[in-house]
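Chemist: Submitted below is the structure of interest, expressed as structure tokens.
What follows is calculated from the coordinates using simple rules that are stated; it is not laboratory data. Values in this document were obtained by computation on a predicted structure and should not be read as measured data. Cβ sites come from the backbone with ideal geometry, for glycine too, and all protein chains shown count toward neighbours.
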């Protein structure tokens, strides 16, 4: 059996709780991501999503467990893993264009200045930033534009894995919608593997091939992996018509509403079950995919 | 009529009014000296008929300024040099000491800002050395260096090092982790991170420290030159005081102010160049 492109194996993160003991954020979290897949992770605040993201990016070390990409263990940050941070993380003293060339120069030190700039402009225009706007400093750009620059910087480097940490969390709903579609457009052209944190269920359904659901912390775990059986290309206005849409959505809402709490309770008691938390529960809906009736999703879950 | 002017124009008018008003009050406050024929016999016996040194009126100072500034670079011996030459010496000493201080303070500040251990290790020394008046070093400097010129430069060095060192360390330590993470995820080495991310991020704080330092250096050079003598605007002030030429003293005080302002302005321009909005 071949390993997935990215495999997260028995990842555990504990922090000192300030009283001499330790607080376990998540324990033995394991899952895999295939090449070219777009995976979203959903869970309540405090379940350690951002910690997982930082570990994947190489910015943090897990207490225990390993992350393997292409069979090689991940240690430290790398250009192979691009990150789009929630707060954009653009360098404020550089123009939008320079922020993108900053990344490309790091990736391709041997490229000529013209080639770097042309490449940067190409990717900026893919996210709808053309003309004079690219010469503005981040402080002169709106939040949506800043995040576009950040996305362009990440995609321009063609990382093997792209990590998006709640990229649209700070944006208003209308801007978010536009940029989500731009993200889909730029992604569909690149076959990029993407791992994204989000709080927004609709956003996750629109973008993802698969949604990972995390239980609440402490002792959080990745409890389920929900496949999004809505064919691409997807449009916000069209996917709501798809028969699977509300079924999937209801399932996600139910999980985040109730079961994330119930499962969290179980996990703390069931310490001896830890090896079995290596679990990706495939919630297949293929048979129901073309059925106009609502698929009986609840029955599929154990 | 005033309502049509911009705030800057109105402020300029007010400044001008204050200047003229101040000069008039100054001029009027200088008591006229009695001329010899109006003196009583007693006063003549007491020697009061001779011209007494007094604070000169602004008109005298302006005349002096015109005279000095129209020929600033003459050199008529050790005690009679143009104001331009004197200021030139002072600026040369300030810049030498200051540049040496920057060459030490900025790299060291980087190190202290980057490393908690270095910060804690250096901190006690900085805290003890920083409050020492730079002139207190002068005797030791004169003894060790055996050269008054170099001692003055050393005093400038020691007084300008602290604000630069502390601000550089503070600026470097305060660089947002997000920006450092951007450098890390782009696999930048330590040197490229330092030059392309940390330096521009900390530049406004560093330049602020440099601006404070140049201000202090200019304050200290006057006192240092009064002590070491020979040349420089500080020596000039002291020399004119010994000559009891108060017109020259007031003129040179004004020149010290003008040069200090120009040095500060240069750094404020630099500060604006590296500033960024988040």
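Chemist: Taking 0.36 nm per intervening residue step and subtracting the Cα-Cα distance, what contour gain separates residue B:261 from residue B:176 on full extension?
Modeler: 27.3 nm
Chemist: Next up: What's the FRET efficiency of residue B:116 with residue B:27 using the Cβ-Cβ distance as r and R₀ = 51 Å, to the nearest 0.05?
Modeler: 0.25
Chemist: Let me check against my output: what whole-number percent is the relative contact order of chain A, with C-alpha pairs under 8 Å and at least 6 apart?
Modeler: Averaging sequence separation for qualifying contacts and normalising by length gives 23 percent for chain A.
Chemist: Then there's this: Just check the stretch A:131-176 against the gyration tensor rule for me: Cα atoms, a ≥ b ≥ c as the square roots of the eigenvalues, rounded for a/c under 1.5, and otherwise prolate or oblate depending on whether a/b exceeds b/c.
Modeler: Oblate, since a/c reaches 1.5 and b/c is not below a/b.
Chemist: Now for a different question. Across peptide A:73-80, what mean number of C-beta atoms from other chains lies inside 10 Å of a residue's C-beta?
Modeler: Counting Cβ atoms of other protein chains within 10 Å of each residue's Cβ and averaging gives 3.
Chemist: Where in the stretch A:152-170 is the amide nitrogen less than 15 Å from a point lying 7 Å along the Cα-to-Cβ axis of residue A:191?
Modeler: A:158-161
Chemist: Pairs of Cα atoms under 8 Å, at least six residues apart: use those to get the relative contact order of the stretch A:155-229, whole percent.
Modeler: 28
Chemist: Normalised by the number of residues in chain B, what is the relative contact order in percent for Cα pairs under 8 Å and 6+ residues apart?
Modeler: Relative contact order for chain B comes out at 21 percent.
Chemist: Fewest Cβ neighbours within 10 Å first, please rank A:5, A:31 accordingly.
Modeler: The order, fewest Cβ neighbours first, is A:5, A:31.
Chemist: Compute the angle between helix A:113-126 and the longest alpha-carbon principal axis of chain A, please, reported from 0 to 90 degrees and rounded to the nearest 10.
Modeler: 50
Chemist: What do you get for the angle between helix A:260-269 and the principal long axis of chain A? Use alpha-carbon atoms, 0 to 90 degrees, nearest ten.
Modeler: The helix A:260-269 is inclined about 60 degrees to chain A.
Chemist: If you don't mind, another one. Counting only helical runs of four or more DSSP H residues, what would the 222 nm mean residue ellipticity of chain A come to if each run contributes -39,500 (n - 2.57) and the total is spread over all its residues?
Modeler: -10000 deg cm²/dmol
Chemist: Using the alpha-carbon atoms, what tilt in degrees (0 to 90, nearest 10) does helix A:96-107 show relative to the longest principal axis of chain A?
Modeler: Here the helix axis deviates by roughly 70 degrees.
Chemist: Continuing with this model, one more query. Give the separation of the Cα centroids, the stretch A:30-90 to the stretch B:117-195, in Å.
Modeler: The distance from the Cα centre of the stretch A:30-90 to that of the stretch B:117-195 comes to 38 Å.
Chemist: Turning to a different aspect of this structure: For the stretch B:170-196, list residues with backbone N below 11 Å from a point placed 7 Å from the Cα of residue B:278 toward its Cβ?
Modeler: What the label zone holds, given the 11 Å backbone N cut-off, is B:174-179.
Chemist: Still on this structure: Can you compute the FRET efficiency between residue B:149 and residue B:104 using 1/(1 + (r/R0)^6), with r the Cβ-Cβ distance and R0 = 30 Å? Round to the nearest 0.05.
Modeler: 0.90
Chemist: Which percent, nearest 5, of DSSP beta bridges in the protein assembly as shown are antiparallel?
Modeler: Around 50 percent antiparallel, to the nearest 5.
Chemist: Still on this model: Given a Förster distance of 35 angstrom, what is the FRET efficiency for residue B:7 paired with residue A:122, based on the Cβ-Cβ distance and rounded to 0.05?
Modeler: 0.15
Chemist: May I ask you to compute the full-extension gain from residue B:126 to residue B:18, defined as 0.36 nm times their residue separation minus their alpha-carbon distance, rounded to one decimal in nm?
Modeler: 34.6 nm
Chemist: Follow-up. As a test of the formula, what do you get for chain B when each DSSP H run with n ≥ 4 contributes -39,500 (n - 2.57) and the sum is divided by the residue count, at 222 nm and rounded to the nearest 500 deg cm²/dmol?
Modeler: One gets -24500 deg cm²/dmol as the mean residue ellipticity at 222 nm.
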